[in-house]
Amino acid sequence: MQNNIFEGIYEEIFPFWRKISDADREYICQNSHMITYPKGKNIHNGEECSGVILVRSGCLRLSIMSDEGKDITLYRLHKGDLCMLSASCVLSAVTFDVFVDAEENSECCVVSGPAFAAVSERNPDIRIFALETAVSRFSDVMWVMQQILFMSMDKRLAIFLSDESARIGSDTVSLTHGQIARYMGSAREVVSRMLKYFAGEGIVEVSRGGVTILDKKRLRELTF
C-alpha cells in the first residue's frame, strides 16, 4: 500500500519514472519514507548522505556556514520542491557542505541516498535529472551571492519583501526581523534599521505580526 503512495508521487515529479524498470521503481519505493521534521530540526549537516528530499508541506532552508559560524541562506524549499544537494552520494561533484533545516513543521518524502545512487548508476536518465535539478538551483545561489556582494541593503531588502509578498500572495510578510536577516545573510540590527527607514518613508508598516507593505510602487522602485 505504501509503495502505491510513493508510485503516485514519483510519477508526478520524476520525468524518468516510466523509463526505468519495474524492479528499479520498486526498489526506490521500498527505500522511501514519509518523515515529519519539527520546526528547527537540522535535517542535513553536510557530512552524511541524507537522501533526496521532496517537500510535501512546510519549509526547508538550505544554507552554507563559514569557519566563524556565520551562515548564509542559499534558498528555501516549499511544497513540491525537491532537494538534491542533501544527497552527496548522488552528486559527488558537489564538494561544499550544505546545511538543511526545517523552518516550519515539514512533512517530507525522503528517498534513501544510497538507494537512489545505486539506481542512478544503471539509468543515465536519473543521473541527468539529478544534475539538472542541482544546476537549476545554482542560479538561485549565484543570485544570493550577487546581492550580498554587489547590492545596497535597501535594494536587497526591497527585493526580498517584494519576492516574499508575491510568493505568499499577501501584502503582510509574517517574519521577524531576525528571520528576514537570516534569509538575507545580514545582521538583525541592520534589517531593523532599514525597516525603520522604510516605515518612516511610508513604504511599510512594522508590527509584531511582521511587515506590511503599504506602498508597492515605491518598494518596487527601490528594486531597480
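Condition first: touching a residue at least 12 places away in the same chain (Cβ under 8 Å) and more than 18 Å from Arg156 (Cβ to Cβ). Can you find one or more residues in the range 179-187 that meet it?
There is no residue in the range 179-187 that is touching a residue at least 12 places away in the same chain (Cβ under 8 Å) and more than 18 Å from Arg156 (Cβ to Cβ).
Being in contact (Cβ under 8 Å) with a residue 60 or more places away in the chain and in a helix (DSSP H, G or I) is the filter; apply it to the range 6-29 and report the residue that is surrounded by the fewest Cβ atoms within 10 Å (Cβ to Cβ).
Of everything passing the filter in the range 6-29, Lys19 is surrounded by the fewest Cβ atoms within 10 Å (Cβ to Cβ).
Select, from Asp71, Asp67, the only residue that is acidic (Asp, Glu), open to solvent by 50 Å² or more (accessible area, probe 1.4 Å) and modelled with pLDDT under 95.
Matching residue, one of Asp71, Asp67: Asp67.
Yes or no, residue by residue, for (1) more than 20 Å from Phe150 (Cβ to Cβ); (2) loosely packed, with under 15 Cβ neighbours inside 10 Å; (3) β-branched (Val, Ile, Thr):
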position	(1), (2), (3)
Ala181	no, no, no
Arg188	yes, yes, no
Arg208	yes, yes, no
Arg218	yes, no, no
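Only one of Ile72, Ile43 is farther than 27 Å from Arg122 by Cβ, touching a Phe, Trp or Tyr at 6+ places or on another chain (Cβ under 7 Å) and in contact (Cβ under 8 Å) with a residue 24 or more places away in the chain. Can you tell me which?
Exactly one of Ile72, Ile43 is farther than 27 Å from Arg122 by Cβ, touching a Phe, Trp or Tyr at 6+ places or on another chain (Cβ under 7 Å) and in contact (Cβ under 8 Å) with a residue 24 or more places away in the chain, namely Ile43.
Considering the range 190-206 alone, what residues qualify as being surrounded by 18 or more Cβ atoms within 10 Å (Cβ to Cβ) and under 23 Å from Ile64 (Cα atoms)?
Across the range 190-206, the qualifying residue is only Val191.
Exactly one condition in (1) closer than 30 Å to Arg18 by Cβ; (2) at pLDDT below 90; (3) surrounded by fewer than 16 Cβ atoms within 10 Å (Cβ to Cβ) is not met by Leu149; state its number.
(1)
Is it the case, given these coordinates, that Asp171 is open to solvent by 70 Å² or more (accessible area, probe 1.4 Å), under 23 Å from the mean Cα position of the chain (by Cα), at pLDDT 95 or above and not β-branched (Val, Ile, Thr)?
no
Is it true that Ser186 is outside any loop (DSSP other than H, G, I, E, B), within 23 Å of the chain's Cα centre (by Cα) and small (Gly, Ala, Ser)?
No.
Among what's in the range 89-109 and is without any contact (Cβ under 8 Å) to a residue 40 or more places away in the chain and of a type in the set (Ser, Thr, Tyr), pick the residue that is most open to solvent (accessible area, probe 1.4 Å).
Applying the filter and picking the extreme gives Thr95.
Tell me whether the range 83-94 contains one or more residues that are over 20 Å from Ile128 (Cα atoms) and either out of contact with any strand residue (DSSP E or B) (no Cβ under 8 Å at 6 or more places or on another chain) or not aromatic (Phe, Trp, Tyr) (or both).
no
The values are calculated or read from the model by the stated rules, or taken from the named source; none is laboratory data. No experiment lies behind these values; they were computed from the predicted model shown. Every residue, glycine among them, receives a Cβ derived from its backbone with ideal geometry; neighbour counts consider all protein chains shown. All accessible areas refer to the heavy atoms of the entire protein, side chains included, with ligands and DNA or RNA removed. Shrake-Rupley method; radii C 1.70, N 1.55, O 1.52, S 1.80 Å.
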